[in-house]
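A.B. asks: Mind having a look at this structure? Questions to follow.
Taken together, the values in this text are just the output of simple stated rules run on the coordinates, not laboratory data. This is a predicted model, so every value here is computed, not measured. Neighbour counts are summed over all protein chains in view; Cβ atoms, including those assigned to glycine, are modelled from backbone coordinates with ideal geometry.
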Amino acid sequence: MDNDPVLWCKDLRKRFKERLAVDGVGFEVAPGETYGLLGPNGAGKTTTISMICGLLRRDGGEVTVAGASLDRDPGQVKAAIGYVPQDVALYPDLSGLENLRFWGRMYGLAGRDLAERVEATLEVVGLTERAGDRVADYSGGMQRRLNIAAGMLHRPRLLVLDEPTAGVDPQSRNAILANVEALGGEGIAVLYTTHYMEEAERLCDRVGIIDQGRLVAEGTRRELVARVGERDRIELAATGDLAGLAAVAARVDGVDEASVVGGGVHLVARDGRRLLPRLLEAAEHSGAEVTSVELVEPDLEAVFLHLTGKALRD
């Protein structure tokens with residue numbers, strides 16, 4: 001498989017009357033990569049992906065999927081996308097099996113290929129035993145899992161998931177996240193929108209932070225943290241000469257602050273996970289004995305707050 005991006009978009013813009021909902025958004029998603037579009041409700045996530053999928057007319061910008069231009073080859077682009085909307089797009093009076101057979105035919109599947117894809121996809125989302133039940137009798141979490149199954153049926157090059165865990169129970173949420181985690185190994189590019197920080201931390205190889213219609217930053221978690229200058233905190237619980245421990249720790253390259261706090265030493269450092277072996281080695285010569293270590297790495301919540309001046313769910 002080549003490394004050309006499955007999705008490439010540039011300078012996407014959309015205005016609704018006086019409100020500029022999306023203002024110059026652009027990014028790309030590689031094969032097997034999960035790209036998270038992270039932002040609060042109303043930030044422009046759904047508008048952005050609706051334009052990418054050809055469901056909403058753009059005021060400006062370009063989109064290509066699997067090498068095809070949305071302007072020149074809209075049919076080819078849409079065939080390469082599996083779109084899973086926020087709202088469940090299923091027929092409640094049909095069974096799960098009947099829904100997947102119907103949507104499979106809409107994708108052009110038939111015969112043995114359709115049967116095999118339906119069977120495999122039901123297995124992936126854990127609904128094989130409930131396939132014959134009406135969707136109306138499914139829980140909300142089961143309906144969302146079947147919603148994802150419908151989007152995966154035709155083996156899309158790009159799977160677009162818009163807030164797929166909104167309003168589901170914890171068990172179904174974990175099942176959905178596990179399903180998404182497995183997609184990268186199959187080479188599927190995933191565009192995942194969410195306002196749940198922990199989902200982005202768990203799933204996404206890279207994250208784009210969108211606020212008020214603009215992409216204000218993107219990168220891996222580590223890159224974003226480094227960009228805003230956030231640092232790791234390391235708590236060394238210890239006995240003995242705590243001042244000596246703080247002094248030797250402060251001399252380790254990458255440690256910016258070291259101070260005695262309570263029954264231990266508090267450190268502020270860059271890339272604390274890499275520094276831990278050197279810190280523990282230095283501690284052996286300090287006259288103190290380290291009894292426990294706690295490493296607290298800055299998360300995307302801190303990055304988002306720094307970049308936008310507000311918490312994610314504001």
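A.B. asks: To check my understanding: the extent here is largest minus smallest coordinate of the Cα atoms along each principal axis. What are those three numbers for region 1-107, in Å, largest first?
C.D. replies: That gives 42, 38, 26 Å along the principal axes, largest extent first.
A.B. asks: Extending each Cα 7 Å along its Cβ direction at residue 212 and residue 296, get the distance between those two points in nm, one decimal.
C.D. replies: Simple spin-label model gives 3.0 nm for this pair.
A.B. asks: Go ahead and run the numbers for FRET between residue 89 and residue 113, Cβ-Cβ distance against an R0 of 35 Å, rounding to 0.05.
C.D. replies: 0.95
A.B. asks: Still on this structure, please answer the following. Could you work out [θ]222 nm for the chain from helices alone, using -39500 (n - 2.57) per DSSP H run of at least four and dividing by all its residues? Round to the nearest 500 deg cm²/dmol.
C.D. replies: -10500 deg cm²/dmol
A.B. asks: What full-extension length gain, to one decimal in nm, is calculated for residue 281 and residue 253 as 0.36 nm per residue of separation minus the Cα-Cα distance?
C.D. replies: Extra length from residue 281 to residue 253 when fully extended: 8.8 nm.
A.B. asks: Could I ask something else about it? By how many nm would the segment from residue 10 to residue 129 lengthen if fully extended, with 0.36 nm per residue of separation less the alpha-carbon distance?
C.D. replies: Length difference between fully extended and current span is 38.5 nm.
A.B. asks: For a label point 7 angstrom out from the Cα of residue 71 toward its Cβ, which stretches of region 2-21 have the backbone nitrogen within less than 20 Å?
C.D. replies: It comes to 5-15, nothing else.
A.B. asks: Let me ask another. Gain in length, residue 227 to residue 260, computed as 0.36 nm per residue apart minus the alpha-carbon separation, to one decimal in nm? Write down the numbers at each step before the final one.
C.D. replies: Details: separation 33, 0.36 × 33 = 11.88 nm, distance 2.85 nm.
Value of the extension gain: 9.0 nm.
A.B. asks: Along the Cα-to-C-beta direction of residue 239, a point sits 7 Å from the Cα; which residues of region 278-296 have their amide N less than 11 Å from that point?
C.D. replies: Zone members listed by number: 289-291.
A.B. asks: With a Cα-only, solvent-free Debye model of the chain, what are the log10 I(q)/I(0) values at q = 0.11, 0.12, 0.15 Å⁻¹?
C.D. replies: -0.76, -0.85, -1.12
A.B. asks: How about residue 10: which aspartates and glutamates have a C-alpha closer than 16 Å to its C-alpha, ignoring those fewer than 8 places off in the same chain?
C.D. replies: 23, 28, 59, 62, 71, 218
A.B. asks: Mind checking which of 285, 266, 195 has the largest fluctuation in a GNM of the chain, springs on alpha carbons under 10 Å?
C.D. replies: 285
A.B. asks: Rounded to whole Å and sorted largest first, what semi-axes of the equivalent ellipsoid does the C-alpha gyration tensor of region 231-297 yield via the square root of 5 times each eigenvalue?
C.D. replies: 16, 12, 10
A.B. asks: Please find, in a Gaussian network model of the chain (springs between Cα atoms separated by less than 10 Å), the residue of 235, 218, 28 whose mean-square fluctuation is greatest.
C.D. replies: Fluctuation is largest for 235.
A.B. asks: Given an 8 Å cut-off on Cα distances and at least 6 residues of separation, report the relative contact order of the chain as a percent. Working shown, then result.
C.D. replies: Numbers: 620 pairs, mean separation 61.5, N = 314.
So the answer I get is 20 percent.
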